[in-house]
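Each remark here refers to the structure printed beneath this line.
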Amino acid sequence: MAWRKALVLYAIYLAVALAAGGFLIIFSSPLLRFFQPIKGAAGDYRFWLAIAGSVVFWVGLFALMHRLPNPLKRRIITGATFLAGLYYVLEYYLPGHNQVLFFWRPAHGNPFTPLKQSVGYATMVVAGFSFFLAAINLSLVHARNLLRLRSGWYNSLAFFLAFIAMALFGLWSSYAPTARFGGLAVSRWHGYLFQEMYVPLNATMFSVLAFYIATAAFRAFRVRTAEAGFMMTAAFVVMLGQVPVGMWLTSSLPLHGPLSALRVEVMANWLLGVINLAAMRAVLFGVLVGYLAMSLRIWLSLERGAFFEQEL
Amino acid sequence: MEHANTLQLLLTLACVAAILGTIATARKGRQLYVRRIPGLQAIDQAVGRATEMGRPLLFSVGLGGIDVDTLQALSVAQYVGRLAARYGTRMIVPVVEPVLLPVAQELTRDAWKAEGREDAYRPEDVRFLSGEQFAYAAGVIGLMSREQVASTFFFGYFYGEALLLAESGLEVGAVQVAGTPATTQVPFFLVSCDYTVIGDEFYAASAYLTREPTLLGSLIGQDISKALLVAAILVGTLFAIWQGKENLLARLLGG
Amino acid sequence: MGDYRTRRLIWVLLAAAVMGVLIYPVRMRMLVSPPAYQLYRAVEALPKNKLLIVSCSWEAGTKGENAPQTEAILRHAFQRGLPVAIFGLNYAAGPMLAGDIAAQVAPEYGRKYGRDWVNWGYRTGGSQMVAGLARDIPGTIRQDVNKTPVDKIPVMRGVNNIKDVSMIIEITPSLTVPIFIRYLYGVYRTPIGYACTGVMAPEAFPYLDSGQLVGMLKGLTGAAEYETLIGHPAKGMAGMGPQSFAHLVVIAIILLGNILYLRERARSRRP
């Protein structure tokens, strides 16, 4: 039965993890010495040896994994997923220092918490590699356009010019801030590219939203039903309540007392702080339960048919 | 909260038990009912439209990294990818996170392979555009205009660029299907897209599309978990009314 | 009227309304909403011997809303003589842009870089970084944006962990504030303030209501409210005129659209 198979496999993963943990504890001193972070200068041979060694190790490991048969690869992936998730589950749900869980207060705090930062760094290193992939992908796509002179090839040329200029002046001004190019300091060039081109372009894209909101509102907001009418009234109140001109409309009403509730900014704050609040909380509950279910499926590899369905 | 308290652990265990229990029940062959979700039903039509018009479709997985929302979007992308591969329609997948690029490439390659059309797969259709929000939006808008896409799919977590993308797709005349857990962007998708999948429905997407018992069971388990949460809120509220903030339940559970 | 021409007419109307008020400003009185007032009161009550951290996780795209918020909050902090640290989580440009604002505003109050404020720059790591901040600030931050070690920066003296921080104010267009709430407020009860773009504000109300946020600024309006409270109208207040008229134009457009729709519906019902 699939469930029995799943439980046996998880038990094997846990046994492997315990064995690895035991190995690490027994050989902790020499291992800690070997894996101690090396913060050497560029001239320190140990620093470069450590980098080279890491690259060789991981390339070798992935090359080995590539040669494994598919079912074994899937088992390794599901095992690694399970153990990685298990770490975070135990780290969060076991009590920390000075915490009590079902009347149990651990004497030395959560044993997994001290490792969290190192585990986080490992994740960041993996993410760092992907930046190279992204740059290579972009360059390949645009290089292909340029070399084959496909329609719109000038856009690809603009990409390369912008990419090289920003990278060049950004790095140059970082590492040699006093250098000059074409009569200007490289930091000034970087300033032109960033402050005078990138920032306004970015802000312009966001500003275009206002125009699109106006046209979308004209096209789509139709009072076809009573509920739509209520919603539109609420939208008008909230929009007017945020701006001084709206506040001016009801400024003749007193600031305190029962009539103050009819002031547009008071109504707007009530709509946001009570009605919207309740709705947002409800949606948040639903979304987070969905999040929990999806996370559980990913953790136990139920999402891609690890045990129950045919492989692709 | 750096670590869970007793209340959180109990609630989590209850929800997990509900989800795993319903998955087990679903695996035994019990028929499960899921209401119609128009946005998800329209996916097949949108892919069909792109095929008829001989134009590509575009699938954006949002601005999240490798997180649950993006993985859910990728599972929908895989379904759409398989449909596109079956009909021989190009599917362009622009991504914003570098980490997503190999994942999306693998996924779309698998989709074409599953339909026996690996030779027709174009790796350049899965592209990294930019890590910046509006640069990504500008890139997607450019792609939609140049490629004259017939259908667009926006699934995942979106921020302010949601309306930009949706309005641009509308200008191109594409059929648009959107699904996002980002409640603040749902109104923008609602006014600009033909079909929108809201809130929880987004997490139900993979179950709804594939009808796999595991996923359907999980969906039912989610509903049971929501009911449990509501019950917990009611019980907690009653205790708070009866005994105030430092009530017996709060002291017992450390909440 | 064709759809294309209608869209362009709407855009021209909106642009004219915004530009008109920018060229001929209209003086307006701003009333302050409770969330903004709560944030102001919280900052007013901060002790001067603890660090105020301003997390500027925004970028050039949302400069229109987040930059005035940043300026207003920094002005208030410099007015009160609070030691300030700026950094950013999500976007590399955020601390750079915020640093420019601080460099412009600080001298007006006699505040100097290093002595009264510091820019830690962009920090990766998300929740790991925030959790690290809670335990060991010098060990997590190590150096400022100019690569000066933090132990050589006077304003950082005596700042070891989160207990030496009076408040964290997160200024961002994205929903990163739950990270601070979970790791800092949830564990150490550090006060958290939030300044966001207008569209993100509704999502943050549950946190405000539960007390996990001490206050909130909603978009450009929030910046204008805060400027009113500190008595220094600036870009926030300057933006209220255009924003007001833009809202009026959008409301008018919606009403016009509905009038046209109802007229069309009445016509189609006639025999």
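With the structure loaded, tell me whether A:L255 is surrounded by fewer than 13 Cβ atoms within 10 Å (Cβ to Cβ), of a type in the set (A, V, I, L, M, F, W, C) and touching a Ser or Thr at 6+ places or on another chain (Cβ under 7 Å) or whether it fails that test. It is false that A:L255 is surrounded by fewer than 13 Cβ atoms within 10 Å (Cβ to Cβ), of a type in the set (A, V, I, L, M, F, W, C) and touching a Ser or Thr at 6+ places or on another chain (Cβ under 7 Å). Meeting the requirement of 3 or more residues that are more than 13 Å from chain A (Cβ to nearest Cβ) and over 30 Å from C:R7 (Cβ atoms), the helices (runs of 4 or more DSSP H) wholly within segment C:184-271 are C:219-230. For beta carbons closer than 9 Å, sequence separation of 6+ or different chains, a first residue in segment C:132-156 that is assigned by TED's automatic domain parsing to the domain that holds C:L51 and a second that is loosely packed, with under 13 Cβ neighbours inside 10 Å and among the acidic types (D, E), the qualifying pairs are C:P138/C:D151.
Contact annotation: residue pairs with Cβ atoms under 6 Å, 6 or more positions apart or on different chains, pairing a residue in segment B:226-242 that is within 23 Å of B:E201 (Cα to Cα) with a partner that is of a type in the set (A, V, I, L, M), are B:K226/A:V289; B:L228/B:A14. Being modelled with pLDDT of 90 or more and crowded, with 21+ Cβ neighbours inside 10 Å, is that true of even one residue in segment B:227-237? Within segment B:227-237 (the criterion being modelled with pLDDT of 90 or more and crowded, with 21+ Cβ neighbours inside 10 Å), the answer is no, since none of the residues qualifies.
If I filter segment B:5-42 down to residues being assigned to a loop (DSSP other than H, G, I, E, B) and in contact with a Leu (Cβ under 8 Å, 6 or more places away or on another chain), which single residue comes out as farthest from B:F202 (Cα to Cα)?
The initial filter retains those residues of segment B:5-42 that are assigned to a loop (DSSP other than H, G, I, E, B), namely B:5, B:28-37.
Still in the list and also in contact with a Leu (Cβ under 8 Å, 6 or more places away or on another chain): B:5, B:32, B:34.
Values: B:N5: 29, B:L32: 18, B:V34: 13 Å.
The residue in question is B:N5.
Of the helices (runs of 4 or more DSSP H) lying entirely inside segment A:112-229, those carrying at least 2 residues that are closer than 30 Å to B:V126 by Cα and within 29 Å of the chain's Cα centre (by Cα) are A:116-147, A:153-175, A:199-220. Got at least one residue in segment B:112-132 being modelled with pLDDT of 90 or more, surrounded by fewer than 22 Cβ atoms within 10 Å (Cβ to Cβ), touching a strand residue (DSSP E or B) at 6+ places or on another chain (Cβ under 9 Å) and aliphatic (A, V, I, L, M)? Yes: segment B:112-132 contains one or more residues that are modelled with pLDDT of 90 or more, surrounded by fewer than 22 Cβ atoms within 10 Å (Cβ to Cβ), touching a strand residue (DSSP E or B) at 6+ places or on another chain (Cβ under 9 Å) and aliphatic (A, V, I, L, M).
Among all positions in segment B:31-48, there is no residue which is under 21 Å from B:L229 (Cα atoms), at pLDDT 90 or above and surrounded by fewer than 17 Cβ atoms within 10 Å (Cβ to Cβ). Per the conditions (1) surrounded by fewer than 19 Cβ atoms within 10 Å (Cβ to Cβ); (2) outside any helix (DSSP H, G or I); (3) not assigned by TED's automatic domain parsing to the domain that holds B:L10, the sole criterion not satisfied by B:L190 is (2). Apart from one condition, B:T210 fits all of (1) under 29 Å from B:A162 (Cβ atoms); (2) at pLDDT below 90; (3) within 8 Å of chain A (Cβ to nearest Cβ); the exception is (3).
Return the residue satisfying two criteria in turn: it lies in segment A:269-284 and is aliphatic (A, V, I, L, M) and more than 13 Å from chain B (Cβ to nearest Cβ), and of such residues it is surrounded by the most Cβ atoms within 10 Å (Cβ to Cβ).
Initially, segment A:269-284 is screened for residues aliphatic (A, V, I, L, M), giving A:271-272, A:274-275, A:277-280, A:282-284.
Applying the additional criterion that residues be more than 13 Å from chain B (Cβ to nearest Cβ) yields A:271, A:274-275.
Working: A:L271: 18, A:V274: 12, A:I275: 12.
So, considering only residues that are aliphatic (A, V, I, L, M) and more than 13 Å from chain B (Cβ to nearest Cβ), the one surrounded by the most Cβ atoms within 10 Å (Cβ to Cβ) is A:L271.
Being in contact (Cβ under 8 Å) with a residue 12 or more places away in the chain and over 30 Å from B:E106 (Cβ atoms), is that true of even one residue in segment A:172-180? Yes, segment A:172-180 contains at least one residue that is in contact (Cβ under 8 Å) with a residue 12 or more places away in the chain and over 30 Å from B:E106 (Cβ atoms).
Pick from A:V266, A:V287: which is touching a helix residue (DSSP H, G or I) at 6+ places or on another chain (Cβ under 8 Å), of a type in the set (A, V, I, L, M, F, W, C), at the interface with another protein chain (Cβ under 7 Å from one of its Cβ atoms) and part of a helix (DSSP H, G or I)?
A:V287
The sole residue among C:A93, C:A15 that is surrounded by fewer than 20 Cβ atoms within 10 Å (Cβ to Cβ) and within 12 Å of another protein chain (Cβ to nearest Cβ) is C:A15. Only residues that are at pLDDT 95 or above, farther than 28 Å from A:G290 by Cβ and of a type in the set (V, I, T) were counted across segment B:142-189, and they come to 1.
Here C:I53 fulfils each of the conditions (1) over 26 Å from A:L272 (Cα atoms); (2) at pLDDT below 95 apart from (2). For segment A:220-245, a residue qualifies if it is surrounded by 19 or more Cβ atoms within 10 Å (Cβ to Cβ), facing chain C (nearest Cβ under 7 Å) and of a type outside the set (A, V, I, L, M, F, W, C), and the qualifying residues are A:Q242, A:P244.
Restricting segment C:64-85 to residues that are in contact with a Ser or Thr (Cβ under 8 Å, 6 or more places away or on another chain) and buried (at least 24 other Cβ atoms within 10 Å of the Cβ), the residue that is nearest to C:K50 (Cα to Cα) is C:N66.
Evaluated against (1) away from chain A (no Cβ under 14 Å); (2) in contact with a Pro (Cβ under 9 Å, 6 or more places away or on another chain); (3) among the polar types (S, T, N, Q), B:Q72 falls short on exactly one condition, (1). Among residues belonging to segment B:6-42 that are small (G, A, S) and more than 14 Å from chain A (Cβ to nearest Cβ), point out the one that is nearest to the chain's Cα centre (by Cα). Among those that are small (G, A, S) and more than 14 Å from chain A (Cβ to nearest Cβ), it is B:G39. A residue that is out of contact with any Asp or Glu (no Cβ under 9 Å at 6 or more places or on another chain), within 14 Å of another protein chain (Cβ to nearest Cβ), closer than 18 Å to C:V150 by Cβ and touching a residue at least 12 places away in the same chain (Cβ under 8 Å) cannot be found anywhere in segment C:51-68.
Applying the criterion of being touching a residue at least 40 places away in the same chain (Cβ under 8 Å) and in contact with a Lys or Arg (Cβ under 9 Å, 6 or more places away or on another chain) to the residues of segment B:146-191, the residue that is nearest to the other protein chains (Cβ to nearest Cβ) is B:E147.
The values are calculated or read from the model by the stated rules, or taken from the named source; none is laboratory data. Bear in mind the structure is a predicted one, so any value in this text is a computation, not a measurement. Cβ sites come from the backbone with ideal geometry, for glycine too, and all protein chains shown count toward neighbours.
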